[in-house]
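**Student:** One structure follows; several queries about it will come next.
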């Protein structure tokens with residue numbers, strides 16, 4: 001039963017990699033660069049993952065950002081693998 005979550009994670013990563021191939025073409029690459037320019041404080045790879053998951057995203061923040069910039073804390077959830 002332990003293998004099921006690992007297979008799901010591997011499948012998700014494989015899917016992200018397959019979707020990232022669309023950015024090999026010029027227009028999609030330009031759109032990705034424009035998207036990343038809006039989130040300069042974050043690593044390009046993280047921006048790419050956010051873009052693949054939600055291309056219309058206009059804002060995202062790390063846990064530390066929520067605390068430092070907004071005085072908010074994230075609700076902790078337990079994830080079992």
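**Student:** I'd like the full set of residues that are modelled with pLDDT of 80 or more, more than 14 Å from the chain's Cα centre (by Cα) and surrounded by 13 or more Cβ atoms within 10 Å (Cβ to Cβ), limited to segment 10-37.
**Tutor:** Once the filter is applied, which keeps residues that are modelled with pLDDT of 80 or more, more than 14 Å from the chain's Cα centre (by Cα) and surrounded by 13 or more Cβ atoms within 10 Å (Cβ to Cβ), segment 10-37 yields only 31.
**Student:** A follow-up question, please. Which one of these does residue 72 not meet: (1) loosely packed, with under 10 Cβ neighbours inside 10 Å; (2) at pLDDT 85 or above; (3) in contact with a helix residue (DSSP H, G or I) (Cβ under 7 Å, 6 or more places away or on another chain)?
**Tutor:** Evaluating residue 72 over (1) loosely packed, with under 10 Cβ neighbours inside 10 Å; (2) at pLDDT 85 or above; (3) in contact with a helix residue (DSSP H, G or I) (Cβ under 7 Å, 6 or more places away or on another chain) leaves (1) as the failure.
**Student:** From (1) part of a loop (DSSP other than H, G, I, E, B); (2) under 18 Å from the mean Cα position of the chain (by Cα); (3) modelled with pLDDT under 80, pick out the condition that doesn't hold for residue 77.
**Tutor:** (2)
**Student:** Which condition number in (1) at pLDDT below 85; (2) surrounded by 10 or more Cβ atoms within 10 Å (Cβ to Cβ); (3) more than 13 Å from the chain's Cα centre (by Cα) is the one that residue 65 fails?
**Tutor:** Condition (1) is where residue 65 drops out.
**Student:** What are the residue pairs meeting all of these: first residue in segment 6-25, first residue assigned to a helix (DSSP H, G or I), second residue surrounded by 11 or more Cβ atoms within 10 Å (Cβ to Cβ) and modelled with pLDDT of 70 or more, Cβ atoms under 7 Å, and 6 or more apart or on different chains?
**Tutor:** Filtered contacts from segment 6-25: 16/49; 16/52; 19/52; 20/48; 20/52; 22/28; 23/29; 23/32.
**Student:** So which residues in segment 41-53 are closer than 19 Å to residue 63 by Cα and either at pLDDT below 80 or in contact with a helix residue (DSSP H, G or I) (Cβ under 9 Å, 6 or more places away or on another chain) (or both), if there are any at all?
**Tutor:** Scanning segment 41-53 gives 41, 42, 44, 47, 48, 49, 50, 51, 53.
The values are calculated or read from the model by the stated rules, or taken from the named source; none is laboratory data. Bear in mind that the values here come from a model prediction, so they are computed numbers and not experimental data. Every residue, glycine as well, gets a Cβ built from its backbone with ideal geometry; the counts of neighbours run over all protein chains shown.
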